[in-house]
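The values are calculated or read from the model by the stated rules, or taken from the named source; none is laboratory data. If you're wondering where the values come from, they're calculated on a predicted model, not measured in any experiment. No Cβ is skipped: glycine too gets one built from the backbone with ideal geometry, and neighbour counts run over all protein chains shown. SASA here: full protein model, heavy atoms, side chains in, ligands and nucleic acids out. Shrake-Rupley method; radii C 1.70, N 1.55, O 1.52, S 1.80 Å.
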Amino acid sequence: MLTLSAVAENPLVLTRSVRLLDGSEVVFRPLTHGDADALAAFLDGLSAASKRLATFDGYDLRAARELCDAIARYDKLRLVLSEVVSGRIVGLLELSLDLHPSDITRYREAGVSLTATDCRFGLTLADDYQGKGVATRVFPLIADVARRFGKKRVILWGGVLANNPRAIRYYEKQGFRTVGSFTDADGARALDMILDL
């Protein structure tokens, strides 16, 4: 079974090339300490609409450095998608290997008992990569990573906004099912979804 420290020591263990529908290639790989500037450019380049759907503490170099400094220090595995030709980061994928107490409570109220073999997943793509099938091409790799960490189910990090039908369709297409709903910190209705791996 993989560990965060093993991935930090050898990022190649999770590095894969992904051919997209338009024939271009991106590299799926763990975030590294040297990614701060490229990650900052990615975060800063997100539109206001994309930032509204993301869960980052900031969208600048300071925030990027914090994410890079957190590698193998907490329960999170962050992976990026980078363009083969330019090296530009065009996606950030996050797995939280531990569960937040609020998630456990919400799911319990919906009749689902979360355990240590469950993890949380979040995905953010650059605006020019959204709606092009990129997330669909990459999700099997995320599911494989979760399995390699001993996880058997995946829940959505912070749920998905109920008024985001494109995201809901995407998650349903990947096999997620809705188990409940809740009101998020901004007062919006969100759905809790879970996937059996």
Among (1) more than 19 Å from Asp186 (Cβ to Cβ); (2) within 17 Å of the chain's Cα centre (by Cα); (3) not hydroxyl-bearing (Ser, Thr, Tyr) - the single one Glu25 does not satisfy: (2)
Members of the stretch 87-113 that are touching a residue at least 24 places away in the same chain (Cβ under 8 Å) and among the basic types (Lys, Arg): Arg88, Arg106
Matching residues, the stretch 183-197, being surrounded by fewer than 17 Cβ atoms within 10 Å (Cβ to Cβ) and either touching a Ser or Thr at 6+ places or on another chain (Cβ under 6 Å) or more than 17 Å from Thr117 (Cβ to Cβ) (or both): Thr183, Asp184, Ala185, Asp186, Gly187, Ala188, Arg189
Some residue of the stretch 15-32 being of a type in the set (A, V, I, L, M), closer than 27 Å to Asp118 by Cα and free of Cβ contacts under 8 Å to residues at least 12 places away in the same chain: no
The lone exception for Arg29 - which of (1) surrounded by 13 or more Cβ atoms within 10 Å (Cβ to Cβ); (2) part of a helix (DSSP H, G or I); (3) not aliphatic (A, V, I, L, M) it fails: (2)
Selected residue (only one of Ser82, Ser113, Ser47, Ser102 is more than 15 Å from the chain's Cα centre (by Cα) and modelled with pLDDT of 95 or more): Ser113
Considering residues of the stretch 160-174 that are part of a loop (DSSP other than H, G, I, E, B) and open to solvent by less than 40 Å² (accessible area, probe 1.4 Å) only, the residue nearest to Met1 (Cα to Cα): Gln174
The stretch 12-26 - residue that is under 13 Å from Val138 (Cβ atoms) and of a type in the set (A, V, I, L, M, F, W, C) and, of those, surrounded by the fewest Cβ atoms within 10 Å (Cβ to Cβ): Leu21
